[in-house]
Amino acid sequence: MPKKCLVINLDRCTGCDSCIVSCKFENSLPLGVYYNRVLAVGPTGTYPDIERYNLPVQCQQCEHARCIEVCPTGASYRDTETGVVLVNRDDCIGCRYCMYACPYGVRSFDKEAGVVGKCTLCSQLTADGYSKPACVHNCPGGARFYGDLEDPESDVSKELAKYDDECIHQLPAPDGEAPLTRYILSPKYASWKESL
């Protein structure tokens, strides 16, 4: 099964929020609903040695997705063709168990529709095998990459290959979630923080 995910190069991320805006437009998200957000990590340190970086956070496409395990109706599921974690809005009863199970807080409850939603890696766009998610396409810094971690010729694999292991990070996985999203942060810019 493919391991579709995002790789985000924090060395290039300026915190402009273009990823948030493009996601909201592409997915017609109502006020207060976000599938993507950008956190400021820091500042930390003592002047003049101050560090700060921007951390975009969205569905981490976990290999051991707790959101799928706790869903009582099967509305949260992994697509068998793409490997992407999705939500079937028709089957969602709005219980929000998946929201509580997600350690990254990246699911949103749409009060008007009464259902939970999340980043789908723009499956409506990427289903053709050529297009990129809106956040990747619209990133002015070229910080976001999309592809299959299992494919060495994918954009994500090629970007990761440019960096040493000390520069490649994942969000912490408190219950063994094994998130697929990778972050690149070079020590010359800032030190990776292990907690959100």
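Some values worked out for this structure:
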{"read-out": "Eligible aspartates and glutamates near Lys162 by straight Cα distance, threshold 18 Å, same-chain separation 8 or greater", "value": "Asp11, Asp148, Glu150, Asp151, Glu153"}
{"read-out": "Residues of region 1-112: accessible area per residue with a 1.4 Å probe, Å²", "value": "53 Å²"}
{"read-out": "In range of the label at Leu31: residues from region 85-126 whose backbone nitrogen is under 17 Å from the point 7 Å along Cα→Cβ", "value": "109-114"}
{"read-out": "Cβ-based charge dipole, the chain, positive-most Cα from Pro2, Val21, Gln61", "value": "Val21"}
{"read-out": "Under 18 Å from the Cα of Lys24 - aspartates and glutamates, other chains or at least 8 residues apart", "value": "Asp110, Glu112"}
{"read-out": "Directionally averaged shadow of region 1-107, computed from the convex hull of its alpha-carbon atoms, nm²", "value": "8.7 nm²"}
{"read-out": "Reciprocal of mean inverse Cα separation for the chain (Kirkwood radius, Å)", "value": "17.3 Å"}
{"read-out": "Cα gyration tensor of region 101-196 - equivalent ellipsoid semi-axes, whole Å, descending", "value": "25, 20, 13"}
{"read-out": "Cysteines not pairable in the chain (beta carbon separation under 4.7 Å absent)", "value": "Cys5, Cys13, Cys16, Cys23, Cys62, Cys71, Cys92, Cys95, Cys102, Cys122, Cys139, Cys167"}
{"read-out": "FRET E, pair Thr80, Ser191, Förster distance 35 Å, beta-carbon r, rounded to 0.05", "value": "0.35"}
{"read-out": "Length-normalised contact order of the chain in % [C-alpha pairs under 8 Å, at least 6 apart]", "value": "30 percent"}
{"read-out": "Accessible-area composition of the chain, carbon plus sulfur, in percent [1.4 Å probe]", "value": "49 percent"}
{"read-out": "Cα-based reach from Lys158 at 18 Å (exclusive), listing lysines while leaving out same-chain residues under 8 positions away", "value": "Lys3, Lys4, Lys132"}
{"read-out": "Mean ellipticity per residue at 222 nm, deg cm²/dmol - from DSSP H runs of n ≥ 4 across the chain, formula -39500 (n - 2.57)", "value": "-3500 deg cm²/dmol"}
{"read-out": "For the chain, built as a Gaussian network whose Cα springs stay under 10 Å, the top-fluctuating residue of Lys24, Lys118, Lys158", "value": "Lys158"}
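The values are calculated or read from the model by the stated rules, or taken from the named source; none is laboratory data. This structure is a prediction, so every number in the text was calculated from the model and none was measured. Cβ sites come from the backbone with ideal geometry, for glycine too, and all protein chains shown count toward neighbours. Quick note on the areas: whole protein, heavy atoms, side chains included, nothing else; ligands and nucleic acids left out. Shrake-Rupley method; radii C 1.70, N 1.55, O 1.52, S 1.80 Å.
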